[in-house]
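K.L.:
Let me give you the structure first, and then I'll get to my questions.
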Amino acid sequence: MPAPLTMGQLSQLLWAAQGITDPHPDLVHRFLRAAPSAGAQYPLDLYVVAGLVEGLEAGVYHYRPQEHEVGLHLTGDLRRPLARACLGQMFMAPAPALIVITAEYGRITGRYGERGIRYAHMEVGHVGQNLHLQAEALGLGTVVIGAFSDAEVAEVLQLPPRHEPLYVMPVGRVN
């Protein structure tokens, strides 16, 4: 059985991905985050599929950067159903947590038109890289999963309308 993640490790991973780095009253969203975003539009959301995180019941949690906290989205251990939605990549099911990054394209296309979709895809790369770097610094491992059924991931996680899954990143200790 894999070692659980601590709440401190999960907190640091989420902050490195989308945490507030600088309150900035002149910007639309009034802050800057750890990963760059075109025009500070921040079209991405993070969901944590927790199974073995100290202090968290198994479930799906939505990260709220402004408060630097997670809010319960769904109860139950959904790691195996999520792994099945990732084209049966069951190696990821035992990971203590899986971070799912979604985009709500309307947050950025309102300003940039269709080009905003490209910017959201660039941003998810920045966020994924930050997660990789922070995981390494914490002695953890992760990998980017892009092979999944969008519809199945959205169904398993009961994502809000217009939240499109882009990355799934299992996180755990490296043996």
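K.L.:
Could you list all residues from segment 21-65 that are within 15 Å of the chain's Cα centre (by Cα), assigned to a loop (DSSP other than H, G, I, E, B) and under 19 Å from P160 (Cα atoms)?
P.N.:
Within segment 21-65, Y42, P43, P65 qualify.
K.L.:
Among R79, R33, which is the only one that is modelled with pLDDT under 95 and either closer than 16 Å to I145 by Cβ or buried (at least 21 other Cβ atoms within 10 Å of the Cβ) (or both)? Spell out how you get there, then give the answer.
P.N.:
Details: R79 fails: modelled with pLDDT under 95.
Checking each option against the conditions leaves just R33.
K.L.:
Output yes when any residue across segment 101-121 is modelled with pLDDT of 95 or more, in contact with a Phe, Trp or Tyr (Cβ under 9 Å, 6 or more places away or on another chain), under 14 Å from A16 (Cα atoms) and hydroxyl-bearing (S, T, Y), and no when none is.
P.N.:
Checking segment 101-121: not a single residue is modelled with pLDDT of 95 or more, in contact with a Phe, Trp or Tyr (Cβ under 9 Å, 6 or more places away or on another chain), under 14 Å from A16 (Cα atoms) and hydroxyl-bearing (S, T, Y).
K.L.:
Given the options L56, L44, name the one that is surrounded by fewer than 22 Cβ atoms within 10 Å (Cβ to Cβ) and not hydroxyl-bearing (S, T, Y). Before you say what the answer is, go through the steps one by one.
P.N.:
On the way: L44 fails: surrounded by fewer than 22 Cβ atoms within 10 Å (Cβ to Cβ).
Unique residue meeting the criteria: L56.
K.L.:
Something else now. Taking segment 106-140, which residues are surrounded by 13 or more Cβ atoms within 10 Å (Cβ to Cβ) and of a type in the set (K, R)?
P.N.:
Across segment 106-140, the qualifying residues are R107, R111.
K.L.:
I would also like to ask the following. Could you tell me which residue of segment 82-125 is farthest from M169 (Cα to Cα), considering only residues that are assigned to a loop (DSSP other than H, G, I, E, B) and among the hydrophobic types (A, V, I, L, M, F, W, C)? Reasoning before the result, please.
P.N.:
Step one: filter segment 82-125 for residues assigned to a loop (DSSP other than H, G, I, E, B), giving 86-89, 93-96, 104-105, 113-114.
Still in the list and also among the hydrophobic types (A, V, I, L, M, F, W, C): 86-87, 93, 95.
Working: C86: 11, L87: 14, A93: 11, A95: 10 Å.
The extreme case among them is L87.
K.L.:
R64 fails exactly one of the following numbered conditions: (1) within 16 Å of A17 (Cβ to Cβ); (2) crowded, with 19+ Cβ neighbours inside 10 Å; (3) among the charged types (D, E, K, R). What is the number of that condition?
P.N.:
(2)
K.L.:
Using beta carbons and a limit of 7 Å, which pairs, at least six apart or on different chains, have the first residue in segment 88-107 and under 19 Å from L131 (Cβ atoms) and of a type in the set (S, T, Y) and the second one part of a loop (DSSP other than H, G, I, E, B) and modelled with pLDDT of 95 or more?
P.N.:
T102/L159; T102/H163
K.L.:
Residues in segment 144-175 that are surrounded by fewer than 16 Cβ atoms within 10 Å (Cβ to Cβ), among the hydrophobic types (A, V, I, L, M, F, W, C) and in contact (Cβ under 8 Å) with a residue 40 or more places away in the chain: how many?
P.N.:
Qualifying residue count for the region: 1.
K.L.:
Quick test for you: out of A147, A151, pick the one residue that is over 19 Å from G59 (Cα atoms) and in a loop (DSSP other than H, G, I, E, B).
P.N.:
Values: A151 fails: in a loop (DSSP other than H, G, I, E, B).
Sole residue among the options that is over 19 Å from G59 (Cα atoms) and in a loop (DSSP other than H, G, I, E, B): A147.
The values are calculated or read from the model by the stated rules, or taken from the named source; none is laboratory data. A quick note: this is a predicted structure, and the numbers were derived from the prediction, not measured. Every residue, glycine as well, gets a Cβ built from its backbone with ideal geometry; the counts of neighbours run over all protein chains shown.
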